1. Most fluctuating residue of Phe145, Phe113, Phe154 in a GNM of the chain with Cα springs under 10 Å: which is it?
2. Which of Glu200, Glu165, Glu60 moves most in a GNM of the chain, Cα contacts under 10 Å?
3. For the chain, what is the percent of antiparallel DSSP beta bridges, rounded to the nearest 5?
4. Taking K and R as +1 and D and E as -1, what net charge do the other residues with C-beta under 14 Å from the C-beta of Gln184 add up to?
5. Please state, as a whole number in µm²/s, the translational diffusion coefficient that the Stokes-Einstein equation yields for the range 47-161 at 25 °C and 0.890 mPa s, with Rh defined as the Kirkwood radius across alpha carbon pairs.
6. Leu187 versus Ser207, label points 7 Å from Cα toward the beta carbon: distance in nm?
7. Could you give the size of the charge dipole of the chain about its Cα centre, using +1 on the Cβ of each K and R and -1 on the Cβ of each D and E, expressed in debye and rounded to the nearest 20?
8. For the range 16-156: lysine pairs with Cα atoms under 21 Å, gap of 8 or more or different chains, count?
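Please treat every number below as a calculation from the coordinates, not as lab data. Predicted model only: the values in this text are computed from it and were never measured. When we count neighbours, we look across all protein chains shown, and the Cβ atoms used for this are built from the backbone with ideal geometry, even at glycine.
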Amino acid sequence: MPGVGITVLKSGSDGNCTVVHCGESALLIDCGVCLKALRAGLEQAGIQEQWIKGILITHEHADHVSGLDVVARHLGVPVYATRLCADYLRGHIKKAPAFTLIEKGSDFGVGGFGVRAFPLQHDAVETVGYMLTHESTKVGVATDFGAATATTDFHLRGSDTLMIESNYDLNLLAASTRPWRLKQRILGPHGHMSNPDCAEMLGRILSANTRNVILAHISGECNKPELARAGAEASLRALQRQEVFLTCGSRSKAIPTVWC
């Protein structure tokens, strides 16, 4: 019987929203989709709205919170964010939801899941990744960061399912029409992770119990899913872990649920 499911409804600069669920309990990670798109994705995955017990926010960028005001009011569930992130959103969302404040490194429970937020290096007021646990199952999520630190590795290591960023291909970024200043931002330690960065990170954090890897936030202009996969597959081969299931989040649609 499947245990914990991870359903990526959308992943990329156009919007981000992931559902982690088990039985009749589910959590949203970010809400960068409108209510209509959320409901369509949930229906496709067989997840009922009333199963959602909370929304976990990673940071304040629009592609992660664009649908938060409407969705939070509709669902009527707690919204979890760090203090700096919540303060920013209160000042920039007209009808901001009430936030339940969380601290990096602290543990809390919601909907039958244990949750820990951990810091990520990204050019937002404050960015976190999440480790979610249900009984002995661990799901690690880190989708926007420019460089992995020892802290990042520590929190993600031991995950049964890993969802990590593989944002850009170096050659495609260099050849893109993006302004030099934006390219510098993306390449910087508080920007985004490249395909080689992601592949190298897998070599450090994959553990014996890792069953799935989901590559997230793949750029539409500066990457291709097949390029992101190729780097990760090479890393898995080097580790002799070809049995690990590897998939990519989509910028336009929900992908099939990954179970662990």
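1. Fluctuation is largest for Phe154.
2. Most flexible of the set in this elastic network: Glu200.
3. Working: 27 of 51 bridges.
Roughly 55 percent of the beta bridges in the chain run antiparallel, per DSSP.
4. Details: positive: Arg178, Arg181, Lys183, Arg185; negative: Asp123.
Result for the local shell: +3.
5. On the way: Rh = 14.7 Å.
For the chosen part, D equals 167 µm²/s.
6. For Leu187 paired with Ser207, the spin-label model returns 3.6 nm.
7. Details: 25 positive and 25 negative charges, 63 e Å.
The calculation lands at about 300 debye.
8. Values: Lys36/Lys53; Lys36/Lys94; Lys36/Lys95; Lys53/Lys95; Lys53/Lys104; Lys53/Lys138; Lys104/Lys138.
Number of lysine pairs found: 7.
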